[in-house]
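Values quoted throughout were computed directly from the atomic coordinates according to the rules given, and no laboratory measurement underlies them. Only a predicted model underlies this, so the values are computations on that prediction, with no experimental measurement involved. Cβ atoms come from the backbone with ideal geometry, glycine included; neighbour counts cover every protein chain shown.
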Amino acid sequence: MQKDYLQVRDLHVEFDGFVAVQKVDLTIFQGDLRFLIGPNGAGKTTVVDAITGLVPSTGSIEYGSTRLNQLKVHQIVRLGIGRTFQTASIFEQLTVLQNLDIAAGIHRTRRSLLRTRRETAPQIEEALEIIGLADLRDRKGGELAHGQRQWLEIGMLLVQDAKVLLLDEPVAGMSHDERQATGELLQRIGPDRTIVVVEHDMDFMRSFAQSVTVLAQGSVLSEGTVAEVQSDPRVQEVYLGHAATEAARQAMAADKEAI
Amino acid sequence: MIALSRNEVARMLMGVILAAVILLVLAPAVLSEFRLSLLAKFICYAMVAVGIGLAWGKGGMLTLGQGVFFGLGAYMMAMHLKLSDAGPGGVPDFLTLYGDGQLPGWWLPFRSGGLTIVLIIVVPTLLAWGLGYAVFSRRVKGAYFAILSQALAAAFAIYLVGQTKIGGTNGLNGFRSFFGYRLADPANKQMLFTIASVLLIVMVVVVWQLYRSRYGELLVAVRDQEERVRFLGYDPAQVKVFAYVVAAVMASVGGAMFVPIVGIVSPSEVGVVPSIGFLIGVAIGGRATLLGPVLGALGVAYAETTLSENFPSFWTYFQGALFIVVIAFLPGGLASLGSLVRRLRRQPQEV
């Protein structure tokens, strides 16, 4: 068995009596590129929130031999577990370089914080190359295009030296080319890391997923390779149902426009 | 990158030399003894302002209670001056005049000048650290933090009024000497002015380095997106506490210098009203800039003195009006006027 892995057992998350996630088990090994899919409200983001300490949960979440429950957000990050958000949250007033530099800070001593940055650290240079923003290093975060923002966030996780990357809808709102580039980026950085992607985009999932977990109504519905999951009748039912309601909603919107 | 930072250092050194010439050479030559000691008093306020600029301008913590730290420094210095006036083993005059002549035990550390200076730094550090950590780790921020710090200032002033052993409402006054130098001597008054000026310049340089350091970037990041910073593996509470502690120490040192320069400290100098007063200069000058808080504090203090000399009851209205105008039309303070003018000038060309 490989050493680095993320293991979730019997995860429960409740908000004021509403059960958002129940009895979720997940085991993800280093090198895996796991997609977490499911209809709206299935609890995908909530699972990520629970792992990163943003919402309280019961059950056990372990990374290697460390238990993550009860730890604070910044302590979990320092163990090597990083995440992105649905809306990219980079520092808009800081340049690309400063954004990456600030993310590299957890490996610095407190005293070095009081000094001025004099040169670009090698791991930051490397991250700039990997995410393809080397030419935009002095551009302010707020001036970046949508896709570039997500890449910058992934770059921040790289300099943070995150071993587990939890990405919440990284390609939402991206063009086809940007999606392709993002997928290739994930494949490049994947082998040394554990990557979990929460995603709605089925084409993106089919192109890049190594394994898939389907959540529905807060529980795991199915798990396996893309082919295995796609042939699972329960998954088809959930997604056909979802597609049907989606089609109905679109029809209604069209009606409204006609009026 | 390196060339750029060398350039910055050169500019900073030029600024320090300029400030030193103005404060240490020009001001004593031009100003009368009375005006010079007024300026010395304003400089004490400016020290508090530098700290507020760091904590509020860059850190987003609306410190409405800096009077507490100002007061701590001031009272500690005042107690030392009272004890050294009374001589070795002596008891300060007011304790025998109005009290039982007994010196409480907690006065004793202030017999030593060196220990007093250490305590002027250490006491606000510990208080701001403990208080800041308790408040910020519970994610209290914004208006709640402002109200909390203001309530603390109010409580502190009320507490002091009740403490007859440190002068009650009257506070401490009538100091004759400062570390062995007679305060009535004009040369010594000038020396106090020089010390205060040097301290202010040092504080501005400290803040300058903080602003350009990685810590400065981090502090601004916490101000703008505290939750995001958590996911970079930092504890935002620690980042904020550091700025709060630095601001507290600066306020305390300002208070400590205020005492020999002005000759009195009383509860009315440390309560809610002076705490807000500290803030107004910072807001008007430009809270997020390096020199805005200093110049704002000096300017407001100067305007207050001149206006209340000529129109005694007018100042409060003027202060309120200025505050409203700046907040409504120039949220970045007067320091942002330059960039505003540049923006307006450039606009026609862009169209």
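The long axis of helix B:143-162 is offset from the longest Cα principal axis of chain B by roughly 10 degrees. Classification of chain B by its C-alpha gyration tensor yields a prolate form. The axis ratio a/c (a ≥ b ≥ c) is 1.5 or more, and a/b outweighs b/c.
Report the net charge of residues surrounding A:Glu169, where surrounding means a beta-carbon distance below 11 angstrom and charges are Lys +1, Arg +1, Asp -1, Glu -1.
Details: positive: A:Lys44; negative: A:Asp168, A:Glu199, A:Asp201.
Combined, the nearby Lys, Arg, Asp and Glu give -2.
Remark: for residue pairs A:Lys72/A:Lys163; A:Lys44/A:Lys163; B:Lys82/B:Lys189; B:Lys41/B:Lys165, the C-alpha separation exceeds 23 Å in B:Lys41/B:Lys165.
Here segment A:5-258 is treated with +1 on each Lys and Arg Cβ and -1 on each Asp and Glu Cβ, and its dipole about the Cα centre works out to around 1120 debye. Ordering A:Thr58, B:Thr194 by the number of other Cβ atoms within 10 Å of each residue's own Cβ, fewest first, gives A:Thr58, B:Thr194.
Shown is the FRET efficiency for B:Thr169 and B:Arg345, computed with R0 = 56 Å from the Cβ-Cβ distance and rounded to the nearest 0.05: 0.55.
Modelled spin-label separation between B:Leu97 and A:Ser175, with each label point placed 7 Å from Cα along the Cα-to-Cβ direction: 8.2 nm. Taking Cα atoms only, the orientation of helix B:272-285 departs from the longest principal axis of chain B by about 30 degrees.
Using 0.36 nm per residue, how much length does the chain from A:Thr87 to A:Val19 gain when fully extended, once their Cα-Cα distance is taken away?
Details: separation 68, 0.36 × 68 = 24.48 nm, distance 2.48 nm.
Gain in length upon complete extension: 22.0 nm.
Where is the GNM fluctuation largest for chain B (alpha-carbon springs, 10 angstrom cutoff): B:Leu36, B:Leu219, B:Leu26? Among B:Leu36, B:Leu219, B:Leu26, the largest mean-square fluctuation in the Gaussian network model of chain B belongs to B:Leu26.
Return the loop-located GluC sites (Glu not before Pro) in segment A:115-186 (DSSP other than H, G, I, E, B) with at most 14 other Cβ atoms within 10 Å of their own Cβ; answer none if there are none.
On the way: sites: A:Glu119, A:Glu125, A:Glu126, A:Glu129, A:Glu143, A:Glu153, A:Glu178, A:Glu184; in loops: A:Glu119.
Sparse-neighbourhood loop GluC sites (Glu not before Pro): A:Glu119.
Seen against the Cα atoms of chain A and their longest principal axis, helix A:176-189 is set at about 60 degrees. The distance between label points at B:Ala134 and A:Lys140 comes to 4.0 nm (points 7 Å beyond Cα on the Cα→Cβ vector).
The mean sequence distance of close C-alpha pairs (under 8 Å, at least 6 residues apart), as a share of the length of chain B, puts its relative contact order at 32 percent.
A DSSP coil position with no more than 14 other Cβ atoms inside 10 Å describes the following chymotrypsin sites (Phe, Trp or Tyr not before Pro) in segment B:280-351: B:Phe314. Sum up the charges of everything whose Cβ sits under 15 Å from the Cβ of B:Pro274, counting Lys and Arg as +1 and Asp and Glu as -1, but leave B:Pro274 out. Here the count lands on -1.
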